[in-house]
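Colleague: This is the structure, below, for whatever I ask next.
The values are calculated or read from the model by the stated rules, or taken from the named source; none is laboratory data. Here the structure is a predicted model, which means the values were calculated and not measured. Every residue, glycine as well, gets a Cβ built from its backbone with ideal geometry; the counts of neighbours run over all protein chains shown. Each accessible area value is taken on the protein alone, full model and side chains, heavy atoms only, with ligands, DNA and RNA left out. Shrake-Rupley method; radii C 1.70, N 1.55, O 1.52, S 1.80 Å.
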Amino acid sequence: MITFRELNPNQRRAVEWRNSPLLVLAGPGSGKTVVLTLRVVRLLEENENASALALTFTNRAAAEMRNRLNRRLGRHTERAHLCTFHAFAADILGQHGSHVGIRPNFGLLTQDEDRIAILEEVIRDLPSGDAELPQDRANLLRLIDRLFSESYGGDGPSSFLATTPQWLPSLFREYCDALAAANRLDFGSLLHFANRLLRERPAVARAVRLGWTHVCVDEFQDTNQAQYDLLRVVAPDRRDSLFVVADDDQIIYQWNGASPKRFDDLRRDYELETIQLPESYRCPPEILDRANRLIRHNRRLISCRETVAVSEGRIPHPDAVRYEVIGHPSEEAEFVGRDIRERGLAPSDCVVLGRTNRLVQLAAERLRRAGQEAFVPVRKSDFDSPVASLLVDALRLANSRHDRVVLRRICRQWERTTGVPLDPHAVGAAAALVGGDFLRAWADAASVNAGGGSTALRRIRADLVDGLNFPGIVDAFLGGDWQSWGGGDLADGGPAEPSETETEELETWRALHGEIVRECGGGVTLNTYLQRLDLLSKTPPAPPNAVPCITVHRSKGLQFKHVYLIGMAQEVFPSYRALQRGTASKEVEEERRSCFVAITRTQKTLTLTRAREYYGYDKAASQFLGEMGWPG
């Protein structure tokens, strides 16, 4: 890890900044994570009474900073809390949520089908039913999610909708009330209820603020209105020790509520000074030259700075930047696979980036046909394998013994695993005979089917029904007992060979388990453990010899030695929808920032490609190619 002595003058100035609000404008590869981490280290080492809250946009960034901090200090410290906005909101609600009707053992709804089930109950109780509502409930959930991100309170018109339907305010309020009544929150409502709590209970807000003498924010440009409102409550004073790291050239999540307007809000609400970190330790000069040419076509939000390469000790690569024109999209992927082989590159050092999921899926499919292993990460909020899913649902029901949502899930999971149906209504009724304990009633019903001989059921009964030894059952499962929990064992006592998915998800869970313990300590409660587990993606890591194929949006925060950016055609990147608003529209500006993000993931070489036609239509070269200096 970089030490204080190795910082450049701009980085050192930011790390040593005193207590007034500061905005650090950090370009790609400028060492912003190191700067933020070393600032927290300095604060804690210089003042034994100091405490630091660092809020990040992704779990990956939070975990990276925690690991760096622990290595630098040589220990875990309780005086620093490095987490996502959502994890911070969950902490606040876990401690003080009863003031707004949220009990400490609340669970998270990670599946749309569970959210839709609650939404349907709300709609049935509306005076007009669903006559005026969109019938596509998934899209209705997306609308509710956007309302959460915009910090909508449920009163009057929405600020981001041109016209607010008459039914929307009451539907939103009733949905929030239904979540509270079920003690189950989704991701958007975490921020909604945390903000509501801190606004309505000033004493709680003061207590939260007293816990942290310094507040830091990473990737500020990605924050939505709800996240900014939470920050304003935690650090409301213009003189607060607020340290914000951002890059206005990398605002690419406007569809999720991020907005250039957030910088205007920041300047209005705080007397900020600014330090710039323009030096890039990642990208070769040739690539940064193209990136700077590209981003000059955007209206700059804050400054006219440009990212510059730090090239000491860097050996120039003869093919640092290349551009290829190919006939058909399938040939585009074939070219990438052939090029990787001919250049003798390690597949794991490469990445294929594309504007859309459709494009990267096609690329991965063609790469596999050509004999090259390819990996397309898909965000997973839950485990898919029967064994892991069953244990997680058992843990959830142990944490909340009267939760009908989880009871329905575990009954469905049991049938999926064993082929034996369990009626959740019957199990719920039988729970009246055992003190209303859904988990005990479920275990009793499942044991009848399994003859009481299942290893899984015996462990669940011993460690979760009759007692609460959740660390024991999780440690045993992750440590090797999972081999005796195969699908056959659940049904008839005969262990089954674990599938590839089960083995993969076991490794993923092990990694997440270690991350949770590092963050929360070995004495983490079951409730906190489940909340953290639900907040973390279950996406498995890429196989060691596979080429990752990912969208530009998913590539943010990552870096690769060799980047292949495909689909550089007009109406593909920038997209047709963005171009409908005009080639100089704010939508095209966001697409340009996305392209800037894509090409600055590069550590050694960048290859841009385009086909002459996509999806059956001829396409011209992307305007971004011309803006970077290629004729097309």
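Colleague: Let me confirm something: among Pro157, Pro165, which residue is over 27 Å from the mean Cα position of the chain (by Cα), farther than 24 Å from Asp265 by Cα and open to solvent by 10 Å² or more (accessible area, probe 1.4 Å)? Give the derivation first.
Modeller: Values: Pro157 fails: farther than 24 Å from Asp265 by Cα.
None of the other options fit; the residue is Pro165.
Colleague: Could you check how many residues of the stretch 183-207 are touching a helix residue (DSSP H, G or I) at 6+ places or on another chain (Cβ under 7 Å) and either of a type in the set (Phe, Trp, Tyr) or open to solvent by less than 20 Å² (accessible area, probe 1.4 Å) (or both)?
Modeller: 15
Colleague: Continuing with this model, one more query. Limited to the stretch 69-98, what total is found for residues that are open to solvent by 50 Å² or more (accessible area, probe 1.4 Å), in a helix (DSSP H, G or I) and touching a helix residue (DSSP H, G or I) at 6+ places or on another chain (Cβ under 6 Å)?
Modeller: Step one: filter the stretch 69-98 for residues open to solvent by 50 Å² or more (accessible area, probe 1.4 Å), giving 71-72, 74-76, 78-79, 95, 98.
Of the ones still in play, those that are also in a helix (DSSP H, G or I) are 71-72, 95, 98.
Checking the rest, the ones that are also touching a helix residue (DSSP H, G or I) at 6+ places or on another chain (Cβ under 6 Å) come to 72.
Qualifying residue count for the region: 1.
Condition check ((1) at pLDDT below 90; (2) farther than 22 Å from Val563 by Cβ) across all residues:
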residue	(1), (2)
Arg239	yes, yes
Phe243	no, yes
Asp249	yes, no
Ile252	yes, no
Ser259	yes, yes
Leu266	no, yes
Cys283	no, no
Arg293	no, no
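Colleague: Name the pairs whose Cβ atoms lie under 9 Å apart, with the first residue in the stretch 262-281 and farther than 15 Å from Leu25 by Cα, the second modelled with pLDDT of 90 or more and charged (D, E, K, R), and 6 or more positions between them or separate chains?
Modeller: Correct list of pairs: Asp265/Arg232; Asp269/Arg232.
Colleague: Further question: Could you please let me know if Ile302 is surrounded by 15 or more Cβ atoms within 10 Å (Cβ to Cβ), modelled with pLDDT under 90 and within 31 Å of the chain's Cα centre (by Cα)?
Modeller: Details: surrounded by 15 or more Cβ atoms within 10 Å (Cβ to Cβ): yes; modelled with pLDDT under 90: yes; within 31 Å of the chain's Cα centre (by Cα): yes.
Judged against the criteria, Ile302 is a match.
Colleague: Among the residues that make up the stretch 322-345, is at least one of them at pLDDT 90 or above, under 26 Å from Gln250 (Cα atoms) and open to solvent by less than 30 Å² (accessible area, probe 1.4 Å)?
Modeller: No, the stretch 322-345 has no match at all.
Colleague: Can you pull out every residue in the stretch 381-412 that is open to solvent by 20 Å² or more (accessible area, probe 1.4 Å) and in a helix (DSSP H, G or I)?
Modeller: Result: Pro386, Asn399, Arg404, Arg408, Arg409, Arg412.
Colleague: In the stretch 570-589, what count of residues is obtained for those that are assigned to a helix (DSSP H, G or I) and of a type in the set (Gly, Ala, Ser)? Give the steps one after another, and end with the answer.
Modeller: So in the stretch 570-589, the residues assigned to a helix (DSSP H, G or I) come out as 576-580, 586-589.
If we keep only those that are of a type in the set (Gly, Ala, Ser) as well, we get 578.
So the count comes out to 1.
Colleague: For the stretch 149-200, which residues satisfy the criterion of being modelled with pLDDT under 95, farther than 20 Å from Arg262 by Cα and of a type in the set (Ser, Thr, Tyr)?
Modeller: Result: Thr163, Thr164, Ser170.
Colleague: Within the stretch 45-59, track down each residue that is open to solvent by 10 Å² or more (accessible area, probe 1.4 Å) and among the β-branched types (Val, Ile, Thr). Please lay out each step first, then the result.
Modeller: Let us first name the residues in the stretch 45-59 that are open to solvent by 10 Å² or more (accessible area, probe 1.4 Å), namely 45-49, 51, 57-59.
Hit for the stretch 45-59 is Thr58, nothing else.
Colleague: Do you know which residues across the stretch 548-601 are of a type in the set (Lys, Arg) and within 12 Å of Thr356 (Cβ to Cβ)? Outline the logic, then answer.
Modeller: The first filter runs over the stretch 548-601 and keeps only residues of a type in the set (Lys, Arg), leaving 554, 556, 561, 577, 581, 586, 592-593, 601.
The answer is Arg554, Arg577.
Colleague: Next question, about the same structure. Could you list all residues from the stretch 331-374 that are in a helix (DSSP H, G or I) and under 15 Å from Lys619 (Cβ atoms)?
Modeller: Just the residues of the stretch 331-374 that are in a helix (DSSP H, G or I), to begin with: 331-342, 347-349, 357-369.
Passing the criteria: Glu331, Glu332, Arg358, Leu359, Leu362.
Colleague: Restricting attention to the stretch 8-44, which residues are assigned to a loop (DSSP other than H, G, I, E, B) and open to solvent by less than 10 Å² (accessible area, probe 1.4 Å)?
Modeller: Filtering the stretch 8-44 down to residues assigned to a loop (DSSP other than H, G, I, E, B) leaves 8, 16-21, 27-31.
Across the stretch 8-44, the qualifying residues are Pro21, Gly27, Pro28, Ser30.
Colleague: Since Ala431 meets every condition but one in (1) under 34 Å from the mean Cα position of the chain (by Cα); (2) open to solvent by less than 20 Å² (accessible area, probe 1.4 Å), which condition does it not meet?
Modeller: Just one mismatch for Ala431, condition (1).
Colleague: For Ser447, all conditions in the list (1) open to solvent by 30 Å² or more (accessible area, probe 1.4 Å); (2) under 28 Å from His513 (Cβ atoms) hold save one; what is the number of the exception?
Modeller: Tallying (1) open to solvent by 30 Å² or more (accessible area, probe 1.4 Å); (2) under 28 Å from His513 (Cβ atoms), Ser447 fails exactly one: (1).
Colleague: Oh, and also: Out of Ile118, Ile144, report the one residue that is assigned to a helix (DSSP H, G or I), open to solvent by less than 50 Å² (accessible area, probe 1.4 Å) and either more than 28 Å from Val234 (Cα to Cα) or among the basic types (Lys, Arg) (or both). Break it down into steps so the answer makes sense when it comes.
Modeller: Working: Ile144 fails: either more than 28 Å from Val234 (Cα to Cα) or among the basic types (Lys, Arg) (or both).
After ruling out the rest, the residue left standing is Ile118.
Colleague: Filter the stretch 228-281 down to residues that are in contact with a Gly (Cβ under 8 Å, 6 or more places away or on another chain) and surrounded by 22 or more Cβ atoms within 10 Å (Cβ to Cβ), then give me how many there are.
Modeller: 4
Colleague: Could you pull out the residue among Gly567, Gly557 that is part of a loop (DSSP other than H, G, I, E, B), crowded, with 21+ Cβ neighbours inside 10 Å and touching a helix residue (DSSP H, G or I) at 6+ places or on another chain (Cβ under 8 Å)?
Modeller: On the way: Gly557 fails: crowded, with 21+ Cβ neighbours inside 10 Å.
Result of the check over Gly567, Gly557: Gly567.
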